[in-house]
Amino acid sequence: DQKSLEESQKNVSEAQKVLEEQREQLNEERQNLQEDQKFLEESQTSLSDARKVLEEQREELVEQKQNLQDDQKSLEESQKNVSEAQKVLEEQREQLNEERQNLQEDQK
């Protein structure tokens, strides 16, 4: 009976050791999972921030594109005005030349 009791105590002691090792393993795994969770949350935050930045940049690019289109329109309008002004000046120059010629002929 004493031998059986000692055998049982030995088995209990070994079982406790195994349970303690398993408990330590589980704690370690839990800690690893918590660290993984933290990393995932930080990654999600980083991705979210990156998305925000990209969206802001996209909006800026859309705005810049619109500004460039407006500038292009304005430039085309200015070129049209310059072209028309050059035509008017050319016509006036021709008129002045004609009048000068007429005056020279009148002086003769």
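Helix 2-107 versus the longest principal axis of the chain: what is the Cα-based angle in degrees, 0 to 90, to the nearest 10?
0
With every protein chain kept in place and ligands, DNA and RNA left out, what is the accessible area per residue of segment 4-108? Probe 1.4 Å, answer in Å².
Solvent-accessible surface per residue comes out at 98 Å².
Using +1 on the beta carbon of Lys and Arg, -1 on that of Asp and Glu, and nothing else charged, what's the dipole of segment 8-97 about the Cα centre, debye to 20?
220
Of S48, Q64, N81, which is farthest along the charge dipole of segment 1-82 in the positive direction, counting Lys and Arg as +1 and Asp and Glu as -1 at C-beta?
My answer, from the dipole projection, is N81.
Which of the three applies to the chain, rounded, prolate or oblate, going by the alpha-carbon gyration tensor with a ≥ b ≥ c and a/c under 1.5 meaning rounded?
prolate
The values are calculated or read from the model by the stated rules, or taken from the named source; none is laboratory data. All values derive from a computational prediction rather than experimental measurement. We place every Cβ from the backbone using ideal geometry, glycine too, and count neighbours over all the protein chains shown. Only protein heavy atoms, including side chains, enter the accessible area calculation; ligands, DNA and RNA are left aside. Shrake-Rupley method; radii C 1.70, N 1.55, O 1.52, S 1.80 Å.
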